[in-house]
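First the structure, in the form of structure tokens, and then the observations on it.
The values are calculated or read from the model by the stated rules, or taken from the named source; none is laboratory data. These figures come from a predicted structure and were not determined experimentally. Heads up, the Cβs are rebuilt from the backbone with ideal geometry, glycines too, and the neighbour counts pull from every protein chain shown. These accessible areas exclude ligands, DNA and RNA; they are computed on the full protein's heavy atoms, side chains included. Shrake-Rupley method; radii C 1.70, N 1.55, O 1.52, S 1.80 Å.
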Amino acid sequence: MSEQQHPSKAGFETRAIHAGYEPDPTTGAVIPPIYATSTYKQDGVGGLRGGYEYSRSANPTRTALEGNLAALEEGERAFAFASGLAAEDTLVRALCRPGDHVVIPDDAYGGTFRLFDKVERAWGLEHSPAPVSDVDAVRAAIRPGSTRLVWVETPTNPLLTIGDIEALAAVAHDAGALLVVDNTFASPYLQQPLTLGADVVVHSTTKYCGGHSDVVGGALVVRDLDVAEKVAFHQNAIGAVAGPFDAWLTLRGLKTLALRMDRHCDNAEKVVDFLLDHPRVEEVVYPGLASHPGHEIASRQMRRYGGMVSFRVAGGVDAALSVCERTEVFTLGESLGGVESLIEHPGRMTHASVAGTDLEVPADLIRISVGIETADDLLADLDRALG
Ligand SMILES: *Cc1c(COP(=O)(O)O)cnc(C)c1O
């Protein structure tokens with residue numbers, strides 16, 4: 001099924017399963033092979049078959065993944081990388097120059113903050129943090145004439161703050177900047193930022209897109225051909241590409257994204273209800289709750305509210321650490337978005353590097369990535385761990 005015959009108007013699940021790949025013309029293989037090849041035979045000098053010349057520049061398994069991601073995010077083109085951070089670095093080098101400025105979330109993913117603060121800054125790129133939930137603060141952080149990118153995540157990590165993508169796109173565009181949305185937490189099933197005015201979507205496909213905690217990868221999806229050309233040039237020139245096996249695993253994961261996300265959301269909603277009623281839980285953070293400050297915006301721009309939940313427990317840091325250490329179905333570990341439930345203590349684990357700064361997270365905060373196991377087993381596990 002080609003995209004020409006079935007343009008992006010096909011339903012999300014149909015695109016997830018079919019877009020980006022036609023059954024192999026010689027064998028009929030329904031699933032793209034893992035093209036474990038670095039080079040391609042030329043039919044006479046420069047006579048490339050299908051444009052393939054060298055696998056840093058293009059590889060058919062990666063092409064299939066890129067076509068699929070572009071269809072899911074309703075973008076013009078997608079590019080697959082070795083990791084989310086490799087995608088981010090390539091994007092910055094494609095669109096910024098030393099002396100330029102970017103606005104980043106004041107609670108950016110730690111690796112993203114480190115990339116801007118330690119790597120891109122040494123290259124001469126300045127950044128200003130701003131809260132993604134406050135459009136006026138983002139506007140105020142822009143330096144007219146030198147801000148190239150307004151970079152946001154929504155929901156953010158671990159406090160699940162929501163940014164208004166349409167409003168942020170307008171603010172960025174007024175200043176001649178592009179809006180970049182890290183869509184990792186929502187996944188393309190729950191939110192499609194390009195349809196709301198964003199210019200570039202970033203994914204750590206390591207998380208929900210891959211979905212099985214068995215591959216590290218990243219992606220960029222763009223809606224403008226000029227941006228696509230710059231990214232394509234830099235993807236090849238820098239070379240941090242997804243290998244064919246990684247691309248294949250990620251594509252396999254994407255086929256079931258819709259099913260998985262619906263179950264992640266179902267289970268997260270049950271976990272949220274359970275936690276709200278638990279006497280040892282002091283606060284539950286979930287954009288699906290009417291009490292969440294971003295609830296109304298999330299309702300407008302997301303299909304559902306996702307599988308990530310944060311909560312605070314009575315008894316401070318020691319109580320939070322002991323809950324994290326007592327679960328059995330929830331695995332204590334970093335990362336998120338896989339089929340298995342994970343639990344972590346942001347203050348000591350994912351967010352240890354921001355301790356003592358404005359970005360410090362509450363010490364009694366626990367973050368869970370709610371998996372797709374039997375919901376009752378998840379509730380019983382949390383009940384036991386909460387004591
Ligand atoms: C994990 C993550 C990244 C970085 O992706 P890697 O694949 O680990 O390089 C970026 N943004 C968010 C929101 C993430 O969760």
Contact order relative to length of region 266-328, as percent, for alpha carbon pairs under 8 angstrom and 6 or more apart: 33
Amide H contacts under 5 Å for L332, placed H, 5+ residues apart: I343
The chain, relative contact order [Cα under 8 Å, separation at least 6], %: 16
Prolate/oblate/rounded label for region 289-378 (Cα gyration tensor, a/c 1.5): oblate
Selection from I104, V241, I142, by position along the positive dipole direction of the chain (Cβ): V241
Calculated [θ] (222 nm, deg cm²/dmol) that DSSP helices of n ≥ 4 give over the chain, each run adding -39,500 (n - 2.57): -10500 deg cm²/dmol
Unit charges on C-beta of K, R, D, E only; dipole of region 205-286, Debye: 340
Cα shape, region 1-120, gyration tensor, a/c 1.5 rule: oblate
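So what is the accessible area of region 257-386 per residue, in Å², with the probe set to 1.4 Å?
Values: 5570 Å² over 130 residues.
That works out to 43 Å² per residue.
Mind pulling up the Rg/Rh value for the chain? Radius of gyration and Kirkwood radius, both on Cα.
Numbers: Rg = 21.0 Å, Rh = 21.5 Å.
Taking Rh as the inverse mean 1/r over Cα pairs, Rg/Rh reads 0.98.
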Rounded percent of accessible protein surface that carbon and sulfur make up, region 89-223, 1.4 Å probe: 50
³J(HN,Hα) computed for each position of region 175-181 - Karplus, 6.51 cos²θ - 1.76 cosθ + 1.60, integer Hz, glycine/proline x: 9, x, 9, 9, 9, 10, 10
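Please give the peptides 165-173, 295-303, 27-35 ranked by average Cβ packing (other Cβ atoms within 10 Å per residue), highest first, as a rough proxy for protection. The partial results should precede the final answer.
Numbers: 165-173: 20.2, 295-303: 17.9, 27-35: 13.7.
Result, highest mean Cβ count within 10 Å first: 165-173, 295-303, 27-35.
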Spin-label proximity, E13 to region 355-377 - amide N less than 19 Å from point 7 Å beyond Cα toward beta carbon: 372-373
C-alpha long axis of helix 244-255 to longest principal axis of the chain, angle in °: 60
Most positive-pole-ward Cα, A355, Y286, L321, against dipole of region 258-369 from beta carbon charges: Y286
R0 of 56 Å, Cβ-Cβ distance V30-W123: FRET efficiency to nearest 0.05: 0.80
Estimated vicinal HN-Hα couplings, Hz - region 48-64 in sequence order (Karplus 6.51, -1.76, 1.60; Gly, Pro = x): 7, 8, x, x, 8, 9, 7, 6, 5, 6, 6, 9, x, 5, 5, 4, 4
Net dipole in debye of the chain [+1 Lys, Arg Cβ; -1 Asp, Glu Cβ; about Cα centre; nearest 20]: 1000
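Taking 26 Å as the cut-off for C-alpha to C-alpha distance, list the pairs among K207/K255; K9/K270; K230/K255; K207/K270; K118/K230 that go past it. Let's see the in-between values first.
Numbers: K207/K255 14 Å; K9/K270 32 Å; K230/K255 29 Å; K207/K270 21 Å; K118/K230 24 Å.
Over 26 Å Cα-Cα: K9/K270; K230/K255.
About its Cα centre, what dipole magnitude does region 222-379 give when the only charges are +1 on Lys and Arg Cβ and -1 on Asp and Glu Cβ, stated in debye to the nearest 20?
Numbers: 15 positive and 24 negative charges, 104 e Å.
Computed about the Cα centre, the dipole is about 500 debye.
Averaged per residue, what accessible area in Å² does region 12-254 show with a 1.4 Å probe, protein chains only? Could you put the intermediate results ahead of the total?
On the way: 9230 Å² over 243 residues.
Roughly 38 Å² per residue, with all protein chains present.
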Mean Cβ count within 10 Å, highest first, over the residues of peptides 114-120, 245-251: 245-251, 114-120
Whole-angstrom Cα spans of region 226-381 along principal axes, big to small: 55, 38, 34
Length released on extending from D43 to T331, taking residue separation times 0.36 nm less the Cα-Cα span: 98.4 nm
